[in-house]
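**Student:** Below you will find the structure I want to go over with you.
Nothing in this text is a laboratory measurement; each read-out follows from the coordinates by a stated rule. Keep in mind that this is a model prediction, so the values were computed, not measured. Here the Cβ is made from the backbone with ideal geometry for all residues, glycine too, and neighbour counts use every protein chain on show.
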Amino acid sequence: MTKSSEKKLKREAKKQQAKRHQQIQKSLITAFVVVMIPVVLYVLYQGLFGGAPVYPPDQVSQTDHVQGAASAPLTITVYGDFQCPNCANEANLISQAWPRIADRSRLVFRHYPLDTYPHSFEAARYVEAAGRQDAFWQLYSLLYGDQASWSVLPDATVAFENYAAQLDLDIDQLRADADLPEIRDKILADQRGGNRAGVRSTPTMYFNGEMMANPRTASELIQMVNEFLAE
């Protein structure tokens, strides 16, 4: 075999090797796409349709926690975080104003736990679980009322259970309920609904679906309600 023939054979061998390499790469890419398309579609489906239903602030669902009569002309929807100091202040002034506005209003609380607070999501889970023992608003009041105490703890679980014990709740049942996927889904659905409605911080308050400025005092909240209903 001449040298030129030998070189030609080597070139052909290299071409064949490169061709096989390209075919293997194409096969791997095709296999990856075939596997990943269903995964991507599933993730998109879960993000758009998965979990608990999402409701706008002017719509009250059966899973919402509500104070006041369904026939009230004003629905006050608050998106809050149990470890947020401003939320605790607003919960306090709502409580002070409530006797003056309860005959015309219903209050809806929705969860909006922030990543900046380490105990926010757990607090939401425990309060939501307390709702399964008809004690949502009672634990809501205790956590907001004593926020300064439990929010500085490295682990607030014992504190949450101590508050629940003060309400004579079944602690074993409370723990089990707090770990339920449905509880997590409810909290995340509230948060997604808040995002869609324009919530960017806590607390955020809506009157019949209209975002309002946060009141600074109970008197200001009463005035806001009077003016809104007079329009």
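**Student:** Looking at region 44-144, which trypsin sites (Lys or Arg not before Pro) are DSSP coil and have at most 14 other C-beta atoms within 10 Å of their C-beta?
**Tutor:** Numbers: sites: ARG100, ARG104, ARG106, ARG110, ARG125, ARG132; in loops: ARG104, ARG132.
Loop-located and lightly packed - none at all.
**Student:** Sort all Cα-Cα distances of region 154-204 into consecutive 10 angstrom bins from zero, then give the percent of pairs in each bin up to the one containing the longest distance.
**Tutor:** Over region 154-204, the share of Cα pairs per 10 Å bin runs 21, 33, 34, 12 percent.
**Student:** Around CYS84, which amide H atoms from residues at least 5 apart in sequence, or from another chain, sit under 5 Å from its own amide H, with H modelled in the peptide plane?
**Tutor:** Those lying under 5 Å, H to H, from CYS84: there are none.
**Student:** Then there's this: I need the phi-derived Karplus couplings for region 144-161: 6.51 cos²θ - 1.76 cosθ + 1.60, θ = phi - 60°, integer Hz, Gly and Pro marked x.
**Tutor:** Couplings: 5, x, 10, 4, 4, 7, 7, 5, 8, 6, x, 9, 9, 4, 4, 5, 4, 6 Hz.
**Student:** At q = 0.11, 0.13, 0.15, 0.18 Å⁻¹, what base-10 log of I(q)/I(0) does the Debye formula yield for region 65-230 when every alpha carbon is treated as an equal point scatterer in vacuo?
**Tutor:** Cα-only, vacuum Debye calculation for region 65-230: -0.43, -0.60, -0.81, -1.15.
**Student:** Provide the gained length on full extension for the span SER149 to LEU167, in nm with one decimal, where the gain is 0.36 nm per separating residue minus the Cα-Cα distance. Show your work: numbers first, answer last.
**Tutor:** Numbers: separation 18, 0.36 × 18 = 6.48 nm, distance 1.79 nm.
Separation in residues times 0.36 nm, less the Cα-Cα distance, equals 4.7 nm.
**Student:** Using only the Cα atoms, work out Rg/Rh for region 186-231, with Rh taken as the Kirkwood radius, to two decimals. Working shown, then result.
**Tutor:** Numbers: Rg = 12.4 Å, Rh = 11.8 Å.
Rg/Rh for region 186-231 comes to 1.05.
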